[in-house]
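All remarks here apply to the structure that follows.
The values are calculated or read from the model by the stated rules, or taken from the named source; none is laboratory data. Since the model is a prediction, treat every value here as computed from it, not as a measurement. Cβ sites come from the backbone with ideal geometry, for glycine too, and all protein chains shown count toward neighbours. Just the protein is used for accessible areas: all its heavy atoms, side chains included, with ligands, DNA and RNA removed. Shrake-Rupley method; radii C 1.70, N 1.55, O 1.52, S 1.80 Å.
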Amino acid sequence: MENVFDYEDIQLIPAKCIVNSRSECDTSVTLGKHTFRLPVVPANMQTIIDEKIAIYLAENGYFYIMHRFEPEKRISFIKDMNARGLYSSISVGVKEEEYGFVQQLAEEQLTPDYITIDIAHGHSNAVIAMIQHIKKHLPESFVIAGNVGTPEAVRELENAGADATKVGIGPGKVCITKIKTGFGTGGWQLAALRWCAKAATKPIIADGGIRTHGDIAKSVRFGASMVMIGSLFAGHEDSPGETVEKDGKLYKEYFGSASEFQKGEKKNVEGKKMYVAFKGPIQETLTEMEQDLQSSISYAGGTKLSAIRNVDYVVVKNSIFNGDKVY
Ligand SMILES: NC(=O)C1=CN([C@@H]2O[C@H](COP(=O)(O)OP(=O)(O)OC[C@H]3O[C@@H](n4cnc5c(N)ncnc54)[C@H](OP(=O)(O)O)[C@@H]3O)[C@@H](O)[C@H]2O)C=CC1
Ligand SMILES: Nc1nc2c(ncn2[C@@H]2O[C@H](COP(=O)(O)O)[C@@H](O)[C@H]2O)c(=O)[nH]1
């Protein structure tokens, strides 16, 4: 791999502005049969999303993916979303019981609008078999498969029937995969995204490593249709993570889906727990993201997200923060 870089190494180059106000810029994106207000989805992790946030996001035009760590709640969740006239978006794994779950959904004529296969190492026969199983029993569901980090993996999952692939092995804030295994896209996630996007014929979701709102625009520039974000969505007053007080300040927990805290045992641990500063409602972050992305579109010289895809860029190795730590 040549030209390896990450988010902080890249600056996008402005093009002539064609709008009179940033409010003219449209940040919406279509994925499957639905159009969403932002190309952003909170991570399908237990400290990031729960049923209440999922309903809020769906009601307000945002994309969500419910996590898979309370499997027994998924059927009632889909029914509840259907009853409210909202789209449903769930996650599955690849273990034996998940095959029965997909069949049960088909038998009960419950078709989730989106199903995400949420596995650490998505370039595997197990994920290919699950894509085919879902497509056989629930052909109308939009299948997102991951996670992967190579063009070969993107092509194989697309060929198996995935409607979108999720790129990112190990760049996450609570991820320790790179330390524990030596593998992954941590430290060069943006370059890996570009590499994968060149092979993709369907949408790519960039997953992990987003530390600033500008990183969303950079992801779009390098081929992402959607960006999955964990840490920036942790810590909200409505986030599901536990709130703790330390030295008079409030924090919220954020833990990895492969952490000991999630698994309940110390086996194949590839995630850790951290505490992030308590902040206001999730809508404040969504609104700020939308405004920042509207500004990005204006700097790209367009009125839609697609304008960002065409801008030039420079590689400024690790220098844009001039040594100032912003996160
Ligand atoms: N995006 C990322 O970088 C990463 C994300 N995660 C997150 O952690 C959660 C747990 O992931 P995961 O462990 O995959 O899910 P599961 O614990 O549900 O494991 C899924 C199945 O795949 C097997 N498996 C897991 N990893 C491997 C591997 N490297 N090689 C072969 N088989 C494997 C497991 O068996 P067995 O356990 O016996 O090996 C199990 O049968 C997910 O939510 C995932 O998104 C985890 C790590 C990295
Ligand atoms: N290696 C691990 N990666 C994990 C784990 N739990 C979640 N994740 C991934 O991180 C992103 C979120 O990244 P962030 O930088 O925005 O915080 C999430 O979507 C997963 O792909 C884990 O335990 N280990």
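So which of GLY122, GLY93 is within 16 Å of ligand 2 (Cβ to nearest atom) and in contact with a Gly (Cβ under 8 Å, 6 or more places away or on another chain)? Show your work before the answer.
Values: GLY93 fails: in contact with a Gly (Cβ under 8 Å, 6 or more places away or on another chain).
Step by step, each of GLY122, GLY93 is checked, and only GLY122 is within 16 Å of ligand 2 (Cβ to nearest atom) and in contact with a Gly (Cβ under 8 Å, 6 or more places away or on another chain).
Taking the criterion of being touching a Ser or Thr at 6+ places or on another chain (Cβ under 9 Å), more than 8 Å from ligand 1 (Cβ to nearest atom) and of a type outside the set (Lys, Arg), the residues of the stretch 160-184 that qualify are ASP163, ALA164, VAL167, VAL174, ILE176, PHE183. For the structure I just gave you, tell me whether ILE229 is open to solvent by less than 20 Å² (accessible area, probe 1.4 Å) and not polar (S, T, N, Q). For ILE229, the condition - open to solvent by less than 20 Å² (accessible area, probe 1.4 Å) and not polar (S, T, N, Q) - is met. Of the residues making up the stretch 101-130, just one is of a type in the set (Asp, Glu), in contact with a Ser or Thr (Cβ under 8 Å, 6 or more places away or on another chain) and open to solvent by 40 Å² or more (accessible area, probe 1.4 Å), namely ASP113.
Residue-wise test of (1) touching a residue at least 24 places away in the same chain (Cβ under 8 Å); (2) assigned to a loop (DSSP other than H, G, I, E, B); (3) open to solvent by 60 Å² or more (accessible area, probe 1.4 Å).
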position: ALA15; (1), (2), (3): yes, yes, no
position: ASN20; (1), (2), (3): no, yes, yes
position: SER23; (1), (2), (3): yes, no, yes
position: THR30; (1), (2), (3): no, no, yes
position: ASN44; (1), (2), (3): yes, yes, no
position: ILE48; (1), (2), (3): yes, yes, no
position: TYR56; (1), (2), (3): yes, no, yes
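In a residue-by-residue description of the stretch 184-195, the property of being within 13 Å of ligand 2 (Cβ to nearest atom), among the aromatic types (Phe, Trp, Tyr), open to solvent by 40 Å² or more (accessible area, probe 1.4 Å) and in a loop (DSSP other than H, G, I, E, B) applies to no position.
For a quick check of your reading: which strands (runs of 3 or more DSSP E) sit entirely within the stretch 227-327 and have at least 2 residues that are out of contact with any helix residue (DSSP H, G or I) (no Cβ under 7 Å at 6 or more places or on another chain) and either hydrophobic (A, V, I, L, M, F, W, C) or closer than 26 Å to ILE65 by Cα (or both)? Lay out the reasoning, then the answer.
Details: elements: 243-246, 249-255, 273-277, 313-315.
Hits in the stretch 227-327: 243-246, 249-255, 273-277.
Looking at the stretch 196-217, can you tell me whether even one residue there is over 15 Å from TYR7 (Cα atoms), modelled with pLDDT of 95 or more, within 15 Å of ligand 1 (Cβ to nearest atom) and part of a helix (DSSP H, G or I)? Before the answer, list the steps.
Applying the first criterion (over 15 Å from TYR7 (Cα atoms)) to the stretch 196-217 yields 196-205.
Retained after the next criterion (residues that are modelled with pLDDT of 95 or more): 196-205.
Next, only the ones that are within 15 Å of ligand 1 (Cβ to nearest atom) stay: 196, 204-205.
Remaining after also requiring part of a helix (DSSP H, G or I): 196.
For the stretch 196-217, residues over 15 Å from TYR7 (Cα atoms), modelled with pLDDT of 95 or more, within 15 Å of ligand 1 (Cβ to nearest atom) and part of a helix (DSSP H, G or I): present.
Would you call LYS173 open to solvent by less than 10 Å² (accessible area, probe 1.4 Å), within 10 Å of ligand 2 (Cβ to nearest atom) and either in contact (Cβ under 8 Å) with a residue 40 or more places away in the chain or outside any helix (DSSP H, G or I) (or both)? Steps first, answer last, please.
Working: open to solvent by less than 10 Å² (accessible area, probe 1.4 Å): no; within 10 Å of ligand 2 (Cβ to nearest atom): yes; either in contact (Cβ under 8 Å) with a residue 40 or more places away in the chain or outside any helix (DSSP H, G or I) (or both): yes.
No, not satisfied.
Of the set (1) within 18 Å of the chain's Cα centre (by Cα); (2) under 14 Å from LEU286 (Cα atoms), all apply to ASP238 but (1). Cβ separations smaller than 6 Å between residues 6+ apart or across chains give the following pairs from the stretch 123-152 residues that are under 15 Å from ASP163 (Cβ atoms) and part of a loop (DSSP other than H, G, I, E, B) to residues that are open to solvent by less than 10 Å² (accessible area, probe 1.4 Å) and at pLDDT 95 or above: SER141/PRO112; SER141/ILE115. The conditions of being of a type outside the set (Gly, Ala, Ser), in contact with a Pro (Cβ under 9 Å, 6 or more places away or on another chain) and at pLDDT 95 or above are met by ILE90.
Pick from the stretch 252-261 the residues that are near ligand 2 (Cβ under 9 Å from one of its atoms) and more than 21 Å from ILE282 (Cβ to Cβ): which of them is farthest from the chain's Cα centre (by Cα)? Full working, then the answer.
Residues of the stretch 252-261 near ligand 2 (Cβ under 9 Å from one of its atoms): 254-259.
With the extra rule that they be more than 21 Å from ILE282 (Cβ to Cβ), the set shrinks to 258-259.
Working: ALA258: 16, SER259: 18 Å.
Here the residue is SER259.
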